[in-house]
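> Have a look at the structure that comes next, please.
The values are calculated or read from the model by the stated rules, or taken from the named source; none is laboratory data. Please read all numbers here as calculations on a predicted model, not as lab measurements. Here Cβ is always computed from backbone atoms with ideal geometry, including for glycine, and neighbour counts include all displayed protein chains. When the accessible area is computed, the model is the full protein with side chains, heavy atoms only, and any ligands, DNA or RNA have been set aside. Shrake-Rupley method; radii C 1.70, N 1.55, O 1.52, S 1.80 Å.
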Amino acid sequence: MKATLDLINDKNCSRCHPYDRASVIKEAMRQTDGSITDIARKIQQFKGKGINIEVHEKSLFDLRNRYHRLFHVVDVGRVKQESEVIRQGLGTIEQALAKLDERNKRRKIVGTTVVAGLLLATLLSYLLKKTFDN
């Protein structure tokens, strides 16, 4: 069975211990789970654009595995601490992806400006040629 936050629930956890502790663990992990999902989506978008982000993809893979190992830990303090370390790593990846995104936006603006300039130069050249031909 795949480890997901859905495994942490009152029915499963209260068989052995009160659910209170498990619910704290689940909440500590919820933010991390959302960040992992968002970053994985962003990485796929960059890959779809042909951008090499293998380093970030490997880093996310390592952090995701570290995160999934937390599903077997019942120490609330450890889960909170490890979740924070993982979120910091995810934050690093997210910052790198944001820089890549900003760089790509600037490239698009520059590219659009260059193309517009070339089109304008071509049009002016055509109009000048037409003027002198008459």
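> Charges only on Cβ, +1 for Lys and Arg, -1 for Asp and Glu: so what's the dipole of region 1-60 about the Cα centre, in debye to the nearest 20?
The dipole of region 1-60 has a size of about 160 debye.
> Here's another thing I want to ask about it. Based on the inverse mean of 1/r over its pairs of different Cα atoms, what is the Kirkwood hydrodynamic radius of region 61-104, in Å?
One decimal place: 11.5 Å for the Kirkwood radius.
> So, one more: Summarise the accessible area of region 54-134 (1.4 Å probe, protein heavy atoms) by the percent that is carbon and sulfur.
Of the solvent-accessible surface of region 54-134, carbon and sulfur hold 60 percent.
> Next question. Per residue, how many Å² of accessible area does the chain show with a 1.4 Å probe?
So the chain comes to 72 Å² accessible per residue, rounded to a whole number.
> In addition: What order, most packed first, do the peptides 118-128, 47-57 have when packing is the mean number of other Cβ atoms within 10 Å of each residue?
Result, highest mean Cβ count within 10 Å first: 47-57, 118-128.
> Please list 3J(HN,Hα) in residue order for region 99-116, calculated via the Karplus relation 6.51 cos²θ - 1.76 cosθ + 1.60 where θ = phi - 60°; whole Hz, with x for glycine and proline.
5, 4, 5, 5, 4, 5, 5, 5, 4, 5, 5, 4, x, 5, 5, 5, 4, 4
> When the distances between all Cα atoms of region 17-110 are binned every 10 Å from zero, what whole-number percent does each bin get?
15, 42, 24, 13, 5, 1, 0
> Taking the Cα-to-Cβ direction at Asn104 and at Leu127 and moving 7 Å from each Cα, how far apart do the two end points lie in nm?
3.6
> Using a simple charge model, +1 on the beta-carbon of Lys and Arg, -1 on the beta-carbon of Asp and Glu, nothing else, what dipole does the chain show about its Cα centre, in debye to the nearest 20?
Dipole about the Cα centre, nearest 20: 380 debye.
> Working from Cα positions, state the angle (0 to 90°, nearest 10) between the long axis of helix 19-48 and the longest principal axis of the chain.
Approximately 20 degrees, to the nearest ten.
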